[in-house]
Amino acid sequence: MLGGTWAVVVLAAFLVPGMHLLRLRAVHAGGGAGVTHIAITDAVVQPAVERLGMNLGEEDYFDSGMVLKNLVARNPGFEGGSYRSILRCLHPEATRCVDDDAGSTWPQDFWRGATYEWITGPMEGRKGSVAGNSAAVQGKTGVVLQLADGKGPKEDAAAAYLVVQKNMPGDATAGWWPQTQGAAVLTTEFNDLSPHTVGKQAVRMHAEAGAYATLAAYFDSWEGRSFLRMHGRYRLSFRAKAINGSTVHVELDRLSQPETKFMAEDVALQPRWQDMHIDFEAKDAAMYSVSDPAAIGAVRLSFTATGATLLLDDVSLEAIDGDATNTTVFRDEVVDALRAYHPGVLRFMESDTGLGNTVENLIAPVGARVRAGYQPSSVEQMDVGYGLPEFLTLCEAVHADPWIVVPAAVSAGEMQELVQYLASKWSAKFGRIHLELGNEEWNGVYKGETIEYPEEYGHRAGVIFGAARASKGFDAKRFDLIAGGQAAWPGRNHEILTHASDEDSLAIAPYMLHDVPAGASVDAIFGALFAQPEAMVRDEGVIAENIALAKPHAVDVYETNLHTTENGPTQATLDAVVPSIGAGVAVVSEMLQAMRAGVRSQAMFTLGQWGYKRSDGLFVKLWGTVVDMGVTDRKRPQFLAAELVNTAVHGAMTATFQDGDNPVWNETSGIDGVKLQGAHELQSFAFRDGRQRAVVLINLSRSAGLPVDFVGQVQPHGRVEMSQMTAAKITDSNEDAENVKITTSVLQMSVGQRVVVPGFSIMVLKWNDSVHDSRRAVQ
């Protein structure tokens, strides 16, 4: 036991599998019963740490996913679509592919006129066109593609993967709500376009006398809650041309306030294309509160042609009295939230709008991007997602390195195009650009984008990463090429890495608390949740095992959070646990313990998402880390915990050692498979950046504050900034009031001074080490 006065200190570093630790051997004098003694050392665990990152997440029009300034961004340019999908062909032939997905809803000849390329198997690299396809027979067989220009063996016994791609122009009203009455019609215009548009389509609105045609866009449409306040100055912009008639009627209102119009005008049009701008002031009936139903309900923007024919294109609705320094396409509240969080990496993964993209579409300018789909469960994508130029501009604005999920169907030539684009325009702005091939290629949720079998995925990763390395401008120090793995199946990851080549990293998603048994007490759930991070990094834990098998490659964490979607808890239990301070403490404890174990880049999932409806009908407040951005601006504890910790994560992570009381508990519940002997109630993490020092203390006691003091040469002393995330109860959340907060104070600390870390909390101490010679490091 280490006391307050040391006679001799001997430092001895050694490795535990999957984890870098430092042990201290000491001869001491003194007591300190009930106190945990923490020694901060200069032994480097991670030489260049990266702040905890964030997944930017999906763009939507109904909850905290409304991230763009343009509030009507589903398909603002009335553009066409495309489809690109990966099929696994059973017994592939040169002229035929029988898809293995018997649940596909693609109709007959959906793929007629598409192009194809074999990406695995004996015909790999061969290309051609699709003559047609049959529909799937539900439960029996998937679509059967007839392949024109087919060359190669007639049949191969092993299944192989095929990429099919098709442009789908037209359907200009996709992403809008069209309505007609009488002799009226809405059609796609391909030829008569504004000379200033970068798109290829507009919408033609035609209504005979006595008839009307309306196009409406809705946003902030979550039932029973508002995520956006209409307060301040706004500008509606659009391009229009009168073909017959001279006006279009434009309205903006919140449906719960039918007596109030934010804006309603008959806009005069000319028989030539014009850029129209309408500035107005909007004010919701009252500021949002739980007892204020008047301010809840979708906002609607509508364009109506009555007895007229007109062309409409390139619509935007944006606030114009915000932060003039925010030059991104993202709302001020989104940029403000990310600047507060200060992510080390920001991950681009739009599972709905992004995974079917080509590189050309990803880097296309706003207004020229098409609606890109891939899923066999649908026949059209309705939304245009934000693209790489906008995402990279946001990364630059919030000082985060970009992490880009590259669609798994990408070709070698496209990958080279992407690397060249990034190298010429962006790489100098960042430390590293992370390029991950596909998103959860093992996960059937993303069917149509997946290469499920690890051997084939590893092989394809080698092809694509090899092309990346051969690209003009590729710099191995500037790019991190990532193969996507599955945290819970290390054996799969071993197969991927065995068959892959040219990758730098393996990415996993070590989510926690998947399974909560019916009847489990809240205290028992938190016991398992608090022990789970340490269980993950011990020798047989999922993080430790993946780090060991991936060597010499790095391991990144592409997503992490709670994943409470299984078994049978009550709604009350879900509400008490998932959005609580306890959950926030646990998630960041996992991320810091993973960092100490050797993980560098990590991204929490996700910035915006109000919640998730489980298969049993219960609603769980996953996975978004904000309550909202623009109404209360409250953040969930996962966000606040990482925001707090990111103030400390700089320079190198150095080892700490704990002795004294150093309380532990034995976790025996087995909830979510967690059983751990000697789980530590206190976790400590130290960082050194020149003479700037920080230590993060996490108290995993579910009830008690724990006293700590510091021993050895490196201690908080002098002027110390102390920041804490605390709450009165472990179940406290910020859903309806700000119960979980970060507070900061300045202390004058003396050497050996004791501090008390509150129960279920995170404390950060920062100071300038003007006494200790930080260059003296034990490696």
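Considering Cα pairs under 8 angstrom that are at least six residues apart, work out the relative contact order of region 341-472 and quote it in whole percent.
Rounded, it is 28 percent for region 341-472.
How high is the relative contact order of region 593-645, given as a whole-number percent (alpha carbon pairs under 8 Å, six or more residues apart)?
Over region 593-645, the number comes to 24 percent.
Arranged from highest to lowest average of other beta-carbon atoms within 10 Å per residue, in what order do the peptides 643-656, 615-628 appear?
643-656, 615-628
Might you list the cysteines of the chain that have no disulfide-compatible partner by the rule of another cysteine's Cβ under 4.7 Å?
Lacking a cysteine Cβ partner under 4.7 Å: 395.
Quote the accessible area belonging to residue 90 in square angstrom, nearest 10, computed with a 1.4 Å probe and with ligands, DNA and RNA left uncounted.
Taking all protein chains as shown, residue 90 has close to 70 Å².
Between residue 770 and residue 187, 0.36 nm times their residue separation minus their Cα-Cα distance comes to what?
Stretched out fully, the residue 770 to residue 187 stretch lengthens by 202.7 nm.
In 20 Å bins starting at 0, how do the alpha-carbon pair distances of the chain split up by percent?
Spelled out bin by bin, the chain gives 15, 45, 32, 8, 1 percent.
Which whole-number percentage describes the relative contact order of the chain, with Cα contacts under 8 Å and a sequence gap of 6 or more?
That works out to 16 percent.
What's the ranking of 278-285, 70-77 by average number of surrounding C-beta atoms within 10 Å, highest first?
70-77, 278-285
Under a point-charge model restricted to the Cβ atoms of Lys and Arg (+1) and Asp and Glu (-1), what is the dipole moment magnitude of the chain relative to its Cα centre, in debye to the nearest 20?
1500 debye
Provide the per residue accessible area, probe 1.4 Å, for region 631-707, rounded to a whole number of square angstrom.
30 Å²
R0 = 45 Å: FRET efficiency of residue 340 with residue 91, Cβ-based, nearest 0.05?
The computed FRET efficiency comes out at 0.25.
In whole Hz, with x marking every Gly and Pro, tabulate ³J(HN,Hα) for region 54-71 from phi via Karplus 6.51 cos²θ - 1.76 cosθ + 1.60, θ = phi - 60°.
8, 7, 5, x, 7, 8, 9, 10, 9, 9, 6, x, 6, 9, 8, 4, 6, 6
For region 459-566, what is the Kirkwood hydrodynamic radius in Å, using each pair of distinct C-alpha atoms?
15.5 Å
Ranked highest first by the average count of other Cβ atoms within 10 Å around their residues, in what order do 541-547, 425-431 fall?
Packing order, densest peptide first, comes out as 541-547, 425-431.
Quick check: at a probe of 1.4 Å, how many percent of the accessible area of the chain sits on carbon and sulfur atoms?
The value for the chain is 50 percent carbon and sulfur by accessible area.
A 27 angstrom limit on the alpha carbon distance is what I want to check against. Which of 127/429; 200/477; 69/729; 425/477 exceed it?
Over 27 Å Cα-Cα: 127/429; 200/477; 69/729.
Going through region 449-482, which trypsin sites (Lys or Arg not before Pro) have at most 13 other Cβ atoms within 10 Å and a DSSP loop state?
Answer in residue order: 472, 477.
For the pair residue 443 and residue 540, what calculated FRET efficiency results from E = 1/(1 + (r/R0)^6), where r is the Cβ-Cβ distance and R0 = 22 Å, to the nearest 0.05?
0.35
Calculate, for residue 488 and residue 283, the FRET efficiency according to 1/(1 + (r/R0)^6) with r their C-beta to C-beta distance and R0 56 Å; round to the nearest 0.05.
Calculated value: 0.65.
What residues of region 92-107 lie in the reach of a label at residue 379, counting those whose backbone N is under 12 Å from a point 7 Å from the Cα along Cα→Cβ?
Answer for this model: 105-107.
DSSP beta bridges in the chain, what fraction antiparallel, as a percent rounded to 5?
Once the DSSP bridges in the chain are tallied, antiparallel ones form about 80 percent.
Compute the acute angle (0 to 90°) between the alpha-carbon long axis of helix 581-597 and the principal axis of greatest extent of the alpha-carbon atoms of the chain; round to the nearest 10°.
Compared with the principal axis, the helix lies near 80 degrees.
Rounded to the nearest 500 deg cm²/dmol, what is the calculated helix-only ellipticity per residue at 222 nm for the chain, with -39500 (n - 2.57) per DSSP H run of length n ≥ 4?
Theoretical 222 nm ellipticity from helices: -5000 deg cm²/dmol.
Give me the distance in nm between label points sitting 7 Å out from Cα along the Cα-to-Cβ direction at residue 669 and residue 735, one decimal.
According to this spin-label approximation, the distance is 1.8 nm.
Over all directions, what mean area does the Cα convex hull of region 88-238 project, stated in square nanometres?
Result: 15.6 nm².
Can you tell me how much longer the chain between residue 692 and residue 748 gets when fully stretched, taken as 0.36 nm per residue apart minus their C-alpha distance, in nm with one decimal?
18.5 nm
The values are calculated or read from the model by the stated rules, or taken from the named source; none is laboratory data. As the structure is a prediction and not an experimental result, all values here were calculated from the model. Cβ sites come from the backbone with ideal geometry, for glycine too, and all protein chains shown count toward neighbours. Each accessible area value is taken on the protein alone, full model and side chains, heavy atoms only, with ligands, DNA and RNA left out. Shrake-Rupley method; radii C 1.70, N 1.55, O 1.52, S 1.80 Å.
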